[in-house]
Amino acid sequence: MIHQQIISKLKLEPYTSPTGPLAIHSPIDGQEIARIAETPLTDIDSMIDRAHAAFLAWRLVPPPKRGELVRLFGEELRTHQEDLAHLITLESGKILVEGRGEVQEMIDMCDFAVGLSRQLYGLTISSERPYHRMMETWHPLGVVGMITPFNFPAAVWAWNACLALICGDTLIWKPSTKTPLTALACQNLLNQAIARYEAAPENLQQIMIGGHQAGGKLAESPHIRLLSATGSTAMGRQVALKVAARFGRSLLELGGNNAMIVAPTADLDLALPAILFSAVGTAGQRCTTLRRLFIHKSLYNPLVQSLKKRYHALPIGNPFDEKNRVGPLIDETSYHAMQNALRQAQQEGGTVFGGARILEDACPNAYYVRPAIVEMPQQTPVVCTETFAPLLYVMKYTDFTDAIALQNDVAQGLSSCLFTNDIREAEYFLGPAGSDCGIANVNLGPSGAEIGGAFGGEKETGGGRESGCDAWKSYMRRATNTINYSDTLPLAQGITFDV
Ligand code: NAD
């Protein structure tokens, strides 16, 4: 049994028990792969206390030395890349090449964080007062809570954890109840790195297994200095309100409704594979999945015909079979959400191609679907909603600025792209009147970001930025320091205050 081998290789047996209340099913065939315990809600306060005690020690370890732990963790990932990729595929259903890619992204993140551990720079600032010096300094923040989704069960955690660790924070991770084994495997690999490192306090990271109530406890606790929550906009809305009520800090990475504009000068040899990867890759279950395609009227018919031909020939099935490009949906709820959206789209004037369930006889407890293309006369309510499935709405446009306005006219603001060879269009799209998304690309698709750039989106996507660039600042507190080395006490703005 492949799942028993994977569980054993990643040393997950101690977490499993035949009577554990939480059953984990693989979306590949619906089979139960393990049962595990949930964290009692009554234990969460003491977990947070332990994380805080660990923080008091970890914050004093110099950042480059903290980086050494992340370097060792990266080595563990390199050694176990194949096993972890298999577990990600088993638990989330993404094809194996994408499982491997997810672990590679974690390794890249480790490398990035190790370098950054020597570059947590602050500014020096000119003071208006003589013999004064001003500077900003960055300090560890505290306990960071992380809530993560099923579709990137390891990488989303790594984006946060690698940065939080080098920034001197300690961690409590609540993974999705659909993919907790991947989280426990990551914890084991981190523990192996910690065992080879001399300076880590106990409880540097703890895992909390549970659903929305457990996540809610993290959101409510004033000792969670940063809550990083990745998932649906509905989830973000609930946790953000709780965090805001206690004036806490949240970092939100929520739903997307990503678009591509294919302009008259587009190179279709680039656009076509970009559409395919971003619309059907990960079975349409990426936050950056392409969901809305605006095609110029001059290219509409040939491009839609080519797309339908490619969709018809897509290899769909077991994600361990390396010839397949589309695996299963995560579960039955997700399948029904897709079918409901297709029905609504038809009622709103859409013409549906694909979308049916397949492989039902061979896998009655799994949900494989043929990805759908829905030609829409306009951008109706269903198009403005994120349905987390391989469902691509296609619309025709005439005027370039109208296409941009439609692209921006949704509540979400994660990722967007334009295919064009017209430099004026490209620059306009990237400028202040162009795309309003956190990610805007030219001549490549909306999904599959590199870790070097800050990742995140605007509006109902939550506004957070994770991963590269200066995202580390979210995991630290900033202090402005002014030092007076004169023998007088001049006040700012020239104020005199003689008493
Ligand atoms: P989800 O919102 O159902 O669950 C995400 C996490 O939130 C899980 O750990 C879940 O247990 C927890 N949760 C749910 N409700 C909660 C509540 N009320 N309080 C506290 N915790 C709660 O999302 P999902 O189905 O696992 O993932 C898919 C969604 O995630 C999509 O909307 C996708 O766009 C989004 N996503 C966004 C990004 C991003 O970076 N913007 C990345 C990946 C996924």
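No value in this document is a laboratory result; all are computed from the given coordinates. Computed from a prediction, not measured in an experiment: that's the story for all the values here. Positions of Cβ are generated from backbone atoms using ideal geometry, with glycine treated the same way; all protein chains shown enter the neighbour counts.
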Query raised in the report: Which entries of LYS396/LYS459; LYS94/LYS178; LYS174/LYS217; LYS94/LYS323 show an alpha-carbon separation above 18 angstrom in the structure shown?
Result: LYS396/LYS459
Report task. Using only alpha carbon pairs under 8 Å that are at least six residues apart, calculate the relative contact order of region 311-430 and give it in whole percent. Result -> 20 percent
Query raised in the report: Scanning the chain for helices, which whole DSSP H stretches are 15 Å or more long along the axis (Cα) and average -1.0 or more by Kyte-Doolittle?
Result: 44-58, 63-79, 81-92, 96-116, 155-166, 180-195, 233-245, 268-280
Query raised in the report: Any idea what the relative contact order of the chain is, in percent, if you count C-alpha pairs under 8 Å spaced at least 6 apart?
Result: 18 percent
Query raised in the report: Mind ordering 126-138, 273-285, 373-385 by average Cβ neighbours within 10 Å, highest first?
Result: 273-285, 373-385, 126-138
Requested in this report: Kindly identify region 1-87 as rounded, prolate or oblate by the Cα gyration tensor criterion: order the square roots of the eigenvalues as a ≥ b ≥ c, call it rounded if a/c is under 1.5, otherwise compare a/b with b/c, prolate if a/b is larger, else oblate.
Outcome: oblate
Query raised in the report: Put a dot 7 Å past each Cα toward the Cβ at ALA433 and ALA53; how far apart are the dots in nm?
Result: 6.1 nm
**Report entry** Paramagnetic label zone (point 7 Å from Cα along Cα-to-C-beta, THR265; backbone N under 15 Å) in region 420-445
**Finding:** 420-430, 442-443
Query - Whether region 262-442 is rounded, prolate or oblate, judged on the alpha carbon gyration tensor where a/c under 1.5 counts as rounded - result: prolate
Requested in this report: Please report, largest first and rounded to whole Å, the three semi-axes of the ellipsoid equivalent to region 374-450, where each semi-axis is the square root of five times an eigenvalue of the C-alpha gyration tensor.
Outcome: 20, 15, 12
Query - Cβ-Cβ FRET estimate between HIS336 and LYS308, R0 fixed at 30 Å, reported to 0.05 - result: 0.75
Query raised in the report: Which of rounded, prolate, oblate describes the chain, given a ≥ b ≥ c as roots of the alpha-carbon gyration tensor eigenvalues and a/c under 1.5 marking rounded, otherwise prolate only if a/b is larger than b/c?
Result: oblate
Report task. Taking the Cα centre of the chain as origin, work out the dipole magnitude from +1 charges on Lys and Arg Cβ and -1 charges on Asp and Glu Cβ, in debye rounded to 20. Result -> 240 debye
Query raised in the report: Once the piece of chain linking TYR121 and GLN378 is laid out straight, how much longer is it, given 0.36 nm per residue of separation minus the C-alpha distance between them?
Result: 87.7 nm
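With the contact rule set at Cα under 8 Å and sequence spacing of 6 or more, what percent relative contact order holds for region 262-348?
Value for region 262-348: 24 percent.
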Report summary line: Note on the chain, DSSP bridge orientation, antiparallel percent to nearest 5 equals 40 percent
**Report entry** Cβ-derived FRET efficiency at R0 56 Å, ASP43 paired with LEU491, nearest 0.05
**Finding:** 0.60
Report task. Sort all Cα-Cα distances of region 101-253 into consecutive 5 angstrom bins from zero, then give the percent of pairs in each bin up to the one containing the longest distance. Result -> 2, 9, 17, 20, 18, 14, 9, 5, 3, 2, 1, 0, 0
